[in-house]
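Colleague: Just dropping this structure here.
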Amino acid sequence: MKKVFIYIAIFASVIGLFAACDASDNDVTSEPVVASDPITVTFSNVTETSFDVTLAPQGKAAYYSYLVDQSDVAETLDSLTLYEVGYKSLAKGTFKYADKNTVTFTVSDLTPNTTYQVYAVSSSETGVPSSVAVAAVTTIDNTDPWVSDSKVNADSTLKITFSEAVKAGSGKLKARIYALNVWSGAKYDGYDSVYVDVSKAVISGDAATVRFDIPSGAYYTVDVPAGAFTDTKGNPCEAMESYFYYSSGMHVHGIYGIMDTKDFTMGDFAYDTLSTSSAKNYIEINVPAEGVDLGGMDKSKTIMEKIENGSVSTTYSDLVYSTYWGLTINEDAYYAMIKMAAVPVNGDKVTVTVPKDTFEDYFGNPNAEWTGSFVYENAAGASVPAAGNSSVQLKPNAFNSPGILKTREIPVADSMR
């Protein structure tokens, strides 16, 4: 009950309580005051959005009234106020017993799986209302829950909101990971997929919160299989397939998330390649861990190279992508190849500094500033690492190919359905 009581005097509740009397001191005659018999409330034809209600006074009455309210719990109402239709409610009305001693009518435009209270009262011909009869009815629920919204929380979990309260069903949620920094410039291919069993979801009402193991900077979409979640009546959720696509900008259909970027650290020099290079002024810088692919470079960045020979120190600088540096990103391993501005001689100490944000990986994460050094030695067929440095060998990856730096986009989201 909304607790908003508005008195609306529809008609007088008391009919002929006293007979007319004359002005003399004669005895006053009156009809005895008799309370009305009870009234019953029954339901039929209950659907998702309507039900039929039958009101049946159990004895002769003058009028009988009712009201309908959406509530899980019945309230205590005043019989006289109810009889006079004095409460604000979802639906209400009064019937004259002489016209209809029993009435059945339909209450419609209701919400599925929702409880409604129906209150009724009748009045005797002397105008005394009966006690309030109340009965509850719950509309049925045959509608499958569907995804209405999704968003990434501050802790990088994904919150999926449904059209109604849900609980875990069965199956696995699939997250497809997308690389922003793809060399095609307009195609957002699924890079990899991860799965989370629905039993791992934290559910509260109509929302399910899930954590996926997604790389920093990545975009991802989530597929929900049919039956992964059910409503409280056991109706399974609809299946939803989600995906990114490019059409005059980035678009997404369904459930998606975007991870914040995070700086990655370049690794050590890859010394073994110097011995096989026809030109001995190329160096390679590894990336320290699997899963980080160099996907692009900022051509405006300047790389510093310092060559020390005894007390003589010479510093060179040029753009990362120039006739001096000739930088490439190797297609078979996690490293970048740099052509040095000058060829060192044996015994020279070479120090190279790569500025922050020179490179991006496939997910748009920039490199942190990096400085590394080694002692150049070509006579033995390979360079000699400086103390503390070591070569890092990482497995090849098919996605390791030169990319195009692009502005990170917030995709235009299609309708959830």
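Colleague: In segment 130-151, which residues are under 30 Å from Ala239 (Cβ atoms), touching a Pro at 6+ places or on another chain (Cβ under 6 Å) and not acidic (Asp, Glu)?
Modeller: Residues satisfying the conditions are Thr139, Thr143.
Colleague: Tell me which residues, restricted to segment 147-172, are touching a helix residue (DSSP H, G or I) at 6+ places or on another chain (Cβ under 7 Å) and under 18 Å from Met259 (Cα atoms).
Modeller: Selection gives nothing.
Colleague: For segment 217-229, how many residues are under 17 Å from Phe162 (Cβ atoms) and crowded, with 18+ Cβ neighbours inside 10 Å? Even if it seems obvious, please write down each step before you answer.
Modeller: First, pick out the residues of segment 217-229 that are under 17 Å from Phe162 (Cβ atoms): 222-229.
Checking which are crowded, with 18+ Cβ neighbours inside 10 Å leaves us with 222-225, 228-229.
Result for segment 217-229: 6.
Colleague: The conditions are (1) at pLDDT below 90; (2) surrounded by fewer than 16 Cβ atoms within 10 Å (Cβ to Cβ); (3) in a strand (DSSP E or B), and Ala154 fails exactly one of them. Which is it?
Modeller: It fails just one condition, (3).
Colleague: Determine which member of the set Lys88, Lys159 is over 15 Å from Val41 (Cα atoms), among the basic types (Lys, Arg) and assigned to a loop (DSSP other than H, G, I, E, B).
Modeller: On the way: Lys159 fails: assigned to a loop (DSSP other than H, G, I, E, B).
So the residue among Lys88, Lys159 that is over 15 Å from Val41 (Cα atoms), among the basic types (Lys, Arg) and assigned to a loop (DSSP other than H, G, I, E, B) is Lys88.
Colleague: Evaluate the following for Asn365: is it modelled with pLDDT of 70 or more and either over 45 Å from the mean Cα position of the chain (by Cα) or among the hydroxyl-bearing types (Ser, Thr, Tyr) (or both)? I'd like the intermediate steps shown before the answer.
Modeller: On the way: modelled with pLDDT of 70 or more: yes; either over 45 Å from the mean Cα position of the chain (by Cα) or among the hydroxyl-bearing types (Ser, Thr, Tyr) (or both): no.
It is false that Asn365 is modelled with pLDDT of 70 or more and either over 45 Å from the mean Cα position of the chain (by Cα) or among the hydroxyl-bearing types (Ser, Thr, Tyr) (or both).
Colleague: Taking the residues in segment 351-362 that are under 18 Å from Ser317 (Cβ atoms) and not in a loop (DSSP other than H, G, I, E, B) as candidates, determine which candidate is modelled with the lowest pLDDT.
Modeller: If we filter segment 351-362 for residues that are under 18 Å from Ser317 (Cβ atoms), which is where we start, we get 351-359.
Among the residues that remain, those that are also not in a loop (DSSP other than H, G, I, E, B) are: 351-354, 359.
On the way: Thr351: 84, Val352: 83, Thr353: 85, Val354: 83, Phe359: 75.
Checking each candidate, the answer is Phe359.
Colleague: Of all residues in segment 231-247, how many are touching a residue at least 60 places away in the same chain (Cβ under 8 Å), surrounded by 13 or more Cβ atoms within 10 Å (Cβ to Cβ) and part of a loop (DSSP other than H, G, I, E, B)? First the steps, then the outcome.
Modeller: At the first step, the residues of segment 231-247 found to be touching a residue at least 60 places away in the same chain (Cβ under 8 Å) are 231-233, 235-238, 240, 242-244, 246.
Okay, now just the ones that are also surrounded by 13 or more Cβ atoms within 10 Å (Cβ to Cβ), so 231, 233, 235-238, 240, 242-244, 246.
From the residues that got through so far, the ones that are part of a loop (DSSP other than H, G, I, E, B) too are 233, 235, 237-238, 242.
Count: 5.
Colleague: From Ala91, Ala135, Ala74, Ala98, which residue is surrounded by 14 or more Cβ atoms within 10 Å (Cβ to Cβ), modelled with pLDDT of 90 or more, over 20 Å from Gly205 (Cβ atoms) and over 38 Å from the mean Cα position of the chain (by Cα)?
Modeller: Numbers: Ala91 fails: over 38 Å from the mean Cα position of the chain (by Cα); Ala74 fails: over 38 Å from the mean Cα position of the chain (by Cα); Ala98 fails: surrounded by 14 or more Cβ atoms within 10 Å (Cβ to Cβ).
Testing whether each residue is surrounded by 14 or more Cβ atoms within 10 Å (Cβ to Cβ), modelled with pLDDT of 90 or more, over 20 Å from Gly205 (Cβ atoms) and over 38 Å from the mean Cα position of the chain (by Cα) leaves just Ala135.
Colleague: Kindly check whether there is at least one residue in segment 341-350 that is within 54 Å of the chain's Cα centre (by Cα), at pLDDT below 75, closer than 17 Å to Met266 by Cα and in a loop (DSSP other than H, G, I, E, B).
Modeller: no
Colleague: Considering only segment 97-131, how many residues are hydroxyl-bearing (Ser, Thr, Tyr) and outside any loop (DSSP other than H, G, I, E, B)?
Modeller: Restricting attention to segment 97-131, the residues satisfying the condition of being hydroxyl-bearing (Ser, Thr, Tyr) are 97, 102, 104, 106, 108, 111, 114-116, 119, 122-124, 126, 130-131.
Subsequent filtering for residues that are outside any loop (DSSP other than H, G, I, E, B) retains 104, 106, 115-116, 119, 122-123.
Selection size over segment 97-131: 7.
Colleague: Oh, and also: State whether one or more residues within segment 48-69 are acidic (Asp, Glu), more than 48 Å from the chain's Cα centre (by Cα) and at pLDDT 85 or above.
Modeller: Within segment 48-69, not a single residue is acidic (Asp, Glu), more than 48 Å from the chain's Cα centre (by Cα) and at pLDDT 85 or above.
Colleague: Okay, moving on. Every residue in segment 196-230 that is part of a strand (DSSP E or B) and hydroxyl-bearing (Ser, Thr, Tyr), please.
Modeller: Residues of segment 196-230 that are part of a strand (DSSP E or B), as a first pass: 196-197, 202-204, 207-210, 219-224, 229-230.
Across segment 196-230, the qualifying residues are Ser204, Thr209, Tyr219, Tyr220, Thr221, Thr230.
The values are calculated or read from the model by the stated rules, or taken from the named source; none is laboratory data. The shown structure was predicted, so the numbers you read here are calculated from the model rather than taken from an experiment. Counting neighbours? That spans all protein chains shown, and the Cβs are built from the backbone with ideal geometry, glycine included.
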